[in-house]
1. By count of other Cβ within 10 Å, fewest leading, how are Glu435, Glu196 ordered?
2. With just the Cα atoms defining each centre, how far is the range 22-78 from the range 178-211? Give it in Å.
3. So how do Tyr233, Tyr226 line up by other beta-carbon neighbours within 10 Å, fewest first?
4. List Val417, Val20, Val217 from most exposed to least, where exposure is judged by having the fewest other Cβ atoms within 10 Å.
5. What is the sum of charges, Lys and Arg at +1 and Asp and Glu at -1, for the other residues whose Cβ falls under 13 Å from the Cβ of Thr214?
6. Counting Lys and Arg as +1 and Asp and Glu as -1, each charge on the Cβ, what is the dipole of the range 234-331 about the Cα centre in debye, to the nearest 20?
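What follows draws every value from the coordinates through simple rules; no lab data is involved. Just so it is clear, the model here is predicted, and its values are computed rather than measured. Note that we place each Cβ from the backbone using ideal geometry, even for glycine, and neighbour counts take in every protein chain shown.
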Amino acid sequence: MAESNRPLANRILLGLFIGVIAGVITLGVGRFSPEALAFMRKVATNVLDPFGQVFLRMLFFVVLPLVFASLATGVVQLGRLDKLGPLAARTFTLFFLNMAIGVGLGLVMMNTVKPGNSLDPVAKTRLLQEFGGAAQKHIATGAASPQMNFATVVEMFMPKNLFGAVVGHNNNVIGDVLPLILFAILVGAVGTQLAEARRRQLQDSLEMVSDLMTGIVHFALRLAPYAVPAMIYSVIVKIGVDILVALGVFALGCITVMLLHLFGTMSLWLKFWAGRAPLQFFKDIRAVLVTAFSTSSSNATLPTALDCAKETLKLRPSVAGFVLPLGTTMNMSGTALYEGCVVLFVAQVFGVDLSIAQQITLLLLSVLSAVAVAGIPGGSLPLIAGLLATFGIPPEGIGIVLGVDRVLDMVRTMTNVGSDVVTTVVVDAQEARAEARAAASPDLRQTG
């Protein structure tokens, strides 16, 4: 991927630029000719959005089989089950630390800038009127979700009907990924107990599935330079400048702190925990970040991230195959950060003051709820509505942020995926050091 995808990344970036410029020009023309803007919005809805969906759904086709094959392969490649415990412990610890730091940074920004206090009351009324219907839909979805407790966690990971949960109940959503993750880990764990020949046979079969799914992704990526500008253009002409200006302080604050976490916190992790140069690392994963930004989907970016981790970053397949599929669903630092920011922002708009203790609780709940967010565009909205209700904030307030959610979804997905890859690099470095210590221990004992 290192060489072959660099031209692709450049073409996608060029497409992004063209889409943005075309969208801004269309909005400018719309100031003098509202009919032209209305027509282009219809074109975006009826032509550009479906074209973008062709690209996205080709990626979604492979999500479930790729998650299963990659994660099971990652466990099988460990060879011995006793290696799974330390690897999982390191991975989950870094996941929690990553998300907690992200939410903490977001809460500090919100308490310092207080963007909710700068929102014009007239703009707030317009936004609630425009997005009220969508807000009610997300509120209903959130209200239907059960409270987060141990029984809920068991149900999330271990439903009675695994196949039904994974397949999903309709054609418009991806099935539950968390049960599939647990099932893949169990399959991989049992696979490590097989005789060497059969273990290798299982590993080869899983790798073949992974290779087939990656081949489909390569087909989809041929559409990316054309689908990406179509999707970006559609977002811009539908949101409009007035709404972006009204929510500018909030959006800019969220984007800034997300980028600070991705390129600041993660750079420190790379330098001190993995011994890598941050600048070169982010150059190496440029195609991954662009794909995440343009698709707003961690699931859709997983194939590109796996390819980059193995081919460009030269990480162990067992580590990449274990950490990245887990991170796609569980390591949502950008989403957790965003959820905390939205709750505080809406609280500020409605004049609800959250104490320090409540904000600490909000940090923990944001981390837990982010784990349950589907890795698809807009997947966090129902859970944000639930968080608002938890703290006594009118859930209808989610309608205020829906206007800019799509743009912020792009940045937080990029933060999620970038943090996933960084975490994988850190885990890989820790695994290498642990193996080096284990290899040196017999020699030290013999010397003593």
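1. Glu196, Glu435
2. Between the Cα centres of the range 22-78 and the range 178-211 lies a distance of 33 Å.
3. With the fewest neighbours first, Tyr233, Tyr226 line up as Tyr226, Tyr233.
4. Listing Val417, Val20, Val217 from fewest to most nearby Cβ atoms yields Val20, Val217, Val417.
5. Here the charged neighbours net out to -3.
6. 300 debye
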